[in-house]
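Undergrad: Just passing along the structure, written as structure tokens.
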Amino acid sequence: MALRKPVDADDHIEGNIHAAIELVEYGDYQCPHCQKAYYIVKRWQREFGDNLKLVFRNFPLENIHPLAKPAAIATEAAARQGKFWEMHDHLFENHDDFSRGKLVQFAEELGLNVTDFSKDLEDPELSAKVDADFYGGMRSGVNATPTFFVNGEKFEGSWDTGELRDFLQNLI
Amino acid sequence: MLATGSIAPEFSLPVTPDQFLSLSELKGKRVILAFYPADWSPVCGDQMALYNEMLKFFKQHNAELLGISVDGKWCHTAFSQDRKLHFPLLADFEPKGAVAKLYDVFDEASGESKRALYVIDEEGVIAWSYLSPKGVNPGADGILDALEQLNTK
């Protein structure tokens, strides 16, 4: 299936925007598979360098992961201060507790303006942005987390066995 | 699978340990029947957990979701509580798979239901159906397409 909403200015992009490989991940900060995938994706980023552009979109499964959405909102709040990816990495590396106090502590550790950050955590616009990510993912056939799209097409194979890595390699 | 445009066959199945739910009780609403093989498949990729997150989008289209498998009512109760599901799971347990057979989605080899979806309109007519390949979670996109199409009628 194809990505119904192409990557655009609303997205968080890491790496060379003109890269041959555009990898879009739909993920959930409380999902153990996404936590595992985080380190694998990091490895691909090192390996493929300027050939890889990474985009992360939120797909929080709120019923089974009640703090996944607050965590997602925290990344959007950090993005307002230019530190989306720093928060994204911090959450995947410290995923034991996403309580509000902890999220504020993370913001402090990343050197964010904590007053603005705390206010942004309550901003309905950021909550709506996370919901829009979820809806777009659902309409693009996301059926689990993580789900990857490569150059706009859903990758149906496995991401943790080398299959996706080899697929990416062949695009360069 | 049963043909689009045909009347969805009536059934009545346990929805809790002491209650039954019949399809006809939902007349006037759209109904999504999600047949699936078994409770307790792995968490994050689980189809029922996924649909649980999407209920509000189904409800926006006046659609009720019913999960159906051959698991018994006590198994469903435990599974539903564990995954905090907010929609009914029907126990197609005795006689085993009778409703799955009625809807032509019973897998004789495994003794379980196949993974299959039906969208039924307000009048009880089958508007859309989908049989998923074995082991593949079909997601919700097809269901939402079908519901949107009903809105345009």
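The values are calculated or read from the model by the stated rules, or taken from the named source; none is laboratory data. In this text, all values refer to a predicted model and were calculated from it rather than measured experimentally. Note that we place each Cβ from the backbone using ideal geometry, even for glycine, and neighbour counts take in every protein chain shown. Ligands, DNA and RNA are excluded from the accessible area calculation, which covers all protein heavy atoms including side chains. Shrake-Rupley method; radii C 1.70, N 1.55, O 1.52, S 1.80 Å.
Undergrad: Going through segment B:21-62 one residue at a time, which ones are under 22 Å from B:K96 (Cα atoms), open to solvent by 10 Å² or more (accessible area, probe 1.4 Å) and modelled with pLDDT of 95 or more?
TA: B:L21, B:S22, B:L23, B:S24
Undergrad: Applying the selection to segment A:135-153, what residues are within 13 Å of chain B (Cβ to nearest Cβ) and open to solvent by less than 30 Å² (accessible area, probe 1.4 Å)?
TA: A:G136, A:G137, A:M138, A:R139, A:S140, A:G141, A:V142, A:N143, A:A144, A:T145, A:P146, A:T147
Undergrad: A further question on this structure: When residues of segment A:111-134 are filtered for being surrounded by fewer than 16 Cβ atoms within 10 Å (Cβ to Cβ) and outside any helix (DSSP H, G or I), how many remain?
TA: Going through segment A:111-134 one residue at a time, the tally reaches 4.
Undergrad: Which residue out of B:L65, B:L55 is within 14 Å of chain A (Cβ to nearest Cβ), touching a residue at least 24 places away in the same chain (Cβ under 8 Å) and out of contact with any His (no Cβ under 7 Å at 6 or more places or on another chain)?
TA: B:L65
Undergrad: Being at pLDDT 95 or above, more than 14 Å from chain B (Cβ to nearest Cβ), in a loop (DSSP other than H, G, I, E, B) and within 26 Å of B:L50 (Cα to Cα): is that true of A:V7 here?
TA: Criteria met by A:V7.
Undergrad: Are there any pairs, at least 6 apart or on different chains, whose C-beta atoms fall under 9 Å, with the first in segment A:47-71 and over 14 Å from A:Y135 (Cβ atoms) and away from every other protein chain (no Cβ under 12 Å) and the second surrounded by 24 or more Cβ atoms within 10 Å (Cβ to Cβ) and acidic (D, E), and if so, which?
TA: A:A71/A:D28
Undergrad: Then there is this: For residues that are within 24 Å of A:Q45 (Cα to Cα) and open to solvent by 20 Å² or more (accessible area, probe 1.4 Å), tally how many sit in segment A:85-101.
TA: 7
Undergrad: State which residue pairs qualify: first residue β-branched (V, I, T) and inside segment B:1-19, second residue open to solvent by 60 Å² or more (accessible area, probe 1.4 Å) and assigned to a loop (DSSP other than H, G, I, E, B) in any location, beta carbons under 9 Å apart, and separation of 6 or more residues or different chains.
TA: Final answer for the pair search is B:I7/B:E123.
Undergrad: Continuing with the same structure: Residue under question is B:L117, and the condition is that it be over 18 Å from B:I68 (Cβ atoms) and either open to solvent by less than 60 Å² (accessible area, probe 1.4 Å) or within 12 Å of another protein chain (Cβ to nearest Cβ) (or both); does it hold?
TA: no
Undergrad: Additional query: So, in segment A:119-134, of the ones that are within 14 Å of chain B (Cβ to nearest Cβ) and charged (D, E, K, R), which residue ends up nearest to A:N58 (Cα to Cα)?
TA: Taking the candidates together, the pick is A:D133.
Undergrad: Let me ask something else about it. Tell me which residues, restricted to segment B:1-25, are of a type in the set (A, V, I, L, M, F, W, C) and part of a loop (DSSP other than H, G, I, E, B).
TA: If the condition is that a residue be of a type in the set (A, V, I, L, M, F, W, C) and part of a loop (DSSP other than H, G, I, E, B), then B:M1, B:L2, B:A3, B:A8, B:F11 are the ones that fit.
Undergrad: Check B:V136, B:V105 and return the single one that is of a type in the set (V, I, T), buried (at least 21 other Cβ atoms within 10 Å of the Cβ) and out of contact with any Gly (no Cβ under 8 Å at 6 or more places or on another chain).
TA: B:V105
Undergrad: Would you be able to tell me the number of residues in segment B:79-97 that are free of Cβ contacts under 8 Å to residues at least 24 places away in the same chain and more than 14 Å from every other protein chain (Cβ to nearest Cβ)?
TA: Total satisfying the criteria: 2.
Undergrad: Now for a separate question. Given (1) within 14 Å of chain A (Cβ to nearest Cβ); (2) over 12 Å from the mean Cα position of the chain (by Cα); (3) buried (at least 18 other Cβ atoms within 10 Å of the Cβ), where does B:H76 come up short, assuming only one miss?
TA: (1) is the only condition that B:H76 fails.
Undergrad: Scan segment A:1-24 for residues that are touching a Ser or Thr at 6+ places or on another chain (Cβ under 8 Å) and crowded, with 20+ Cβ neighbours inside 10 Å and report the count.
TA: 1
Undergrad: Just one of the numbered conditions (1) assigned to a loop (DSSP other than H, G, I, E, B); (2) on the phi > 0 side of the Ramachandran plot; (3) open to solvent by less than 40 Å² (accessible area, probe 1.4 Å) is not true of A:G82; which one?
TA: Of everything listed in (1) assigned to a loop (DSSP other than H, G, I, E, B); (2) on the phi > 0 side of the Ramachandran plot; (3) open to solvent by less than 40 Å² (accessible area, probe 1.4 Å), A:G82 misses just condition (3).
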